[in-house]
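Remarks on the structure that follows.
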Amino acid sequence: MCQTLVERVARSEQLQAVAEPDVLILFEDWMEELEREAVDLLRGLPDAGADRLAQALGISSAGAQFLLTKLKKAGKP
């Protein structure tokens, strides 16, 4: 839990350097929503790759690959 908090603070600091605070909050909320949707999809389709995830979430393949890597590091399906 502490590691997650440290990572989140570091990510927020990086984003604050390039984004307005109001936009940052929206971006973080959107990322959390994407993560939840990705986890739900992967529970139903555990073998889904980045292309399938991208199509289902309406994001780029690179964005989906980033999300898959992030979820894997977090130990999520």
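Annotations
- If the condition is being over 22 Å from residue 27 (Cα atoms) and either of a type in the set (D, E, K, R) or in contact (Cβ under 8 Å) with a residue 60 or more places away in the chain (or both), then region 52-77 contributes only 52.
- Any hit, region 52-75, residues being surrounded by fewer than 15 Cβ atoms within 10 Å (Cβ to Cβ), in a helix (DSSP H, G or I) and modelled with pLDDT under 75: no
The values are calculated or read from the model by the stated rules, or taken from the named source; none is laboratory data. Bear in mind the structure is a predicted one, so any value in this text is a computation, not a measurement. FYI the Cβ positions are ideal-geometry reconstructions off the backbone, even for glycines, and counts take in every protein chain you see.
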